[in-house]
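A.B. asks: Got a structure for you, written out below as structure tokens; questions coming shortly.
The values are calculated or read from the model by the stated rules, or taken from the named source; none is laboratory data. The structure presented is a predicted model; accordingly, all values stated were derived computationally and were not measured. Backbone-built Cβ (ideal geometry, glycine too); neighbour counts: all protein chains shown. The area values use the complete protein model at the heavy-atom level, side chains included, leaving out ligands, DNA and RNA. Shrake-Rupley method; radii C 1.70, N 1.55, O 1.52, S 1.80 Å.
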Amino acid sequence: MGGVSAQEVPPKGKRQINIVYGANFTKDEEQFPGASIFSKDEERQVQFEHQGADLWCDIAIFYAAENKLRAIGNVRLQQGDSVEMNSGKINYDGNTKIAKAWENVDLTDGQMTLTTDTLYFNREKQQSFYDSGGKVVDSANVLTSKIGTYFMELKKVQFQDSVHIDNPEYTIDSKQLDYYRISKNAYMYGPSTIVGEEYTIYCERGFYDTKVEQGYGVKNTKINYNNRIIEGDSVYFDKTTSFASATNNITVTDTINDGVIRAHYAEIFKEKDSVFATKRAVAISLVQLDSLYIHGDTLMVTGPPENRELRAFRNAKFYKTDLSGKCDSIHSKEKTGVTELITNPILWNLDNQMTGDSIYLISDLETEKLDSLKVIENAFIIALDTIGKTGYNQAKGVNLYGKFIENELKIIDLVKNTEVIYYMYNDDDELIGIDKTICSKIRLLMENSDIDDITFFVNPDGNIFPEKDLPVEGRKLKGFIWRGDERIFTKDDIFDEDDNSIELVKIRGIDNPVDIDTEERERNGLPPLDPSIPKQNSKAITPKRPVLKKLGNTQ
């Protein structure tokens with residue numbers, strides 16, 4: 001092989017590329033001025049070495065003075081025992097340690113392989129970069145993107161623009177995704193969608209363990225899971241345990257029954273077909289074009305769509321435009337259409353207050369409209385006298401049965417040991433007297449939430465007293481308790497001070513950067529990073545193409 005002339009040797013201090021095997025030597029000053037040209041012989045390829053890396057090729061154009069090399073044909077660059085890059089051509093700058101490889105490029109570190117048309121390899125920073133489309137394949141996934149950067153010390157690939165992951169169990173599409181080769185963990189930035197066999201996840205910042213299909217989103221996250229759509233500030237998902245949870249500003253939508261749960265914490269169990277929600281939790285459903293709001297310290301929805309059951313525990317309240325109530329707990333069954341108010345229930349139908357030991361609201365299963373009402377044991381109905389504004393119309397009995405017509409309570413039957421106090425007026429709204437009667441059964445016909453007509457059944461016994469003849473203390477039935485100050489007038493009234501003063505959990509990573517690189521190394525038992533290697537916080541970055549100066553006129 002021919003030698004290199006003295007004037008071609010780079011000045012002292014430069015990190016010189018060394019010729020290991022030059023084989024055939026020639027020069028072509030017209031086409032490659034100042035370059036030495038080496039080509040393989042019958043025994044082996046041309047070989048060069050530079051600071052821990054070896055390069056083999058069929059033809060090499062070597063600018064010794066500039067410390068630059070162009071390799072052509074079956075090029076292989078080997079760095080240490082692990083990193084190997086193959087391509088059709090490489091330009092390498094020994095001063096910056098930057099290589100540009102093109103034509104069927106593949107780079108492997110023994111655990112994954114990166115293929116692309118053109119790849120920039122910065123040995124100083126231990127980074128490789130492509131911006132013309134590339135693919136990474138490891139033992140778990142196939143990842144593609146238009147732009148990619150491989151950080152070798154971090155063992156991380158940052159994919160940008162049209163990112164796609166193919167896995168036998170799922171696919172991922174993202175604007176930017178950082179993938180850690182050892183853990184197989186993916187961190188997503190910008191609009192991202194994960195589609196599994198039984199779930200779809202969308203988020204704009206999130207994490208996903210690609211090995212076990214487990215992850216979370218912390219920005220605009222939505223999971224479509226088991227006929228439910230889960231949204232919240234932070235949403236967690238685990239396929240193995242069939243579990244999802246959400247924190248802060250949550251909405252869980254039942255896509256079959258059109259019900260919605262809002263809360264600040266929720267858990268979803270797929271195998272049990274159940275939802276648990278707390279922290280200002282409310283279930284919202286549609287009843288004849290009117291929203292029904294049910295609240296409790298804790299909400300539970302269980303069972304398949306056709307047999308779903310809703311339970312609200314502790315401080316339970318509900319509201320719709322003309323009906324509201326409160327009790328210790330509420331139990332509603334989809335299959336029977338029955339909603340039960342349990343322990344100390346009270347119900348308001350517009351201006352009518354109803355109490356009893358147990359209260360049941362029954363819906364028509366076909367029309368889904370409110371059909372009837374039952375108050376069992378110690379039934380008591382009270383309404384303020386809307387004309388005189390001082391007395392109260394009252395009726396009581398053992399049980400109360402009400403009938404709704406077009407969503408309005410029209411008929412009320414009170415049975416067993418019934419009693420009535422009713423203020424009677426003429427057409428000029430002048431008080432005629434106060435009716436006080438007892439009998440076996442009473443029927444009240446309602447109009448615009450007022451008593452329009454009263455019918456007494458079986459031996460009624462009573463009188464109409466002039467106002468002056470009935471003392472004030474005699475104008476209230478035994479057990480009378482007016483609870484007008486507790487009445488729920490709006491959907492916001494179902495929440496108390498504790499509900500409205502909840503301090504939301506601070507979701508980590510939304511507002512404050514997270515040092516994910518360090519976390520990943522700790523998670524995988526790796527030593528701390530070299531302090532000279534810049535850390536990347538959890539935000540999208542735009543890589544820049546490495547600067548590679550021209551090698552003479554060869555590019």
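A.B. asks: Are any residues in segment 341-356 open to solvent by 20 Å² or more (accessible area, probe 1.4 Å) and either modelled with pLDDT of 95 or more or under 20 Å from GLY484 (Cβ atoms) (or both), and if so, which ones?
C.D. replies: ASN344, LEU350, ASP351, THR355
A.B. asks: Something else now. Of all residues in segment 120-137, how many are within 15 Å of LYS155 (Cβ to Cβ) and open to solvent by less than 20 Å² (accessible area, probe 1.4 Å)?
C.D. replies: Of the residues in that region, 2 qualify.
A.B. asks: Which condition from (1) part of a strand (DSSP E or B); (2) buried (at least 21 other Cβ atoms within 10 Å of the Cβ); (3) touching a Leu at 6+ places or on another chain (Cβ under 9 Å) is the one that ILE194 breaks?
C.D. replies: (3)
A.B. asks: Which residue is surrounded by the fewest Cβ atoms within 10 Å (Cβ to Cβ), if the candidates are limited to segment 234-252 and must be in contact (Cβ under 8 Å) with a residue 24 or more places away in the chain and not in a strand (DSSP E or B)?
C.D. replies: THR240
A.B. asks: Kindly indicate which of ILE411, ILE438, ILE451, ILE434 is open to solvent by less than 30 Å² (accessible area, probe 1.4 Å), among the hydrophobic types (A, V, I, L, M, F, W, C) and assigned to a strand (DSSP E or B).
C.D. replies: ILE434
A.B. asks: Specify which of the listed residues (THR210, THR298, THR255, THR221) is surrounded by fewer than 21 Cβ atoms within 10 Å (Cβ to Cβ), modelled with pLDDT of 90 or more and not charged (D, E, K, R).
C.D. replies: One residue alone meets the criteria, THR298.
A.B. asks: Hey, could you check segment 46-78 for residues that are under 56 Å from the mean Cα position of the chain (by Cα) and not in a strand (DSSP E or B) and say which is surrounded by the fewest Cβ atoms within 10 Å (Cβ to Cβ)?
C.D. replies: By that ranking, first place goes to GLY52.
A.B. asks: Taking LEU107 and the conditions (1) open to solvent by 50 Å² or more (accessible area, probe 1.4 Å); (2) under 29 Å from ASP166 (Cα atoms), which numbered condition does it fall short on, given that it satisfies the others?
C.D. replies: Here LEU107 meets the rest and fails (1).
A.B. asks: Considering only residues that are in contact (Cβ under 8 Å) with a residue 24 or more places away in the chain, in a strand (DSSP E or B) and open to solvent by 10 Å² or more (accessible area, probe 1.4 Å), look in segment 146-168 and name the one that is nearest to GLN111 (Cα to Cα).
C.D. replies: PHE151
A.B. asks: Moving on to the next point. Condition check: open to solvent by 60 Å² or more (accessible area, probe 1.4 Å) and outside any loop (DSSP other than H, G, I, E, B). Does GLU231 satisfy that?
C.D. replies: yes
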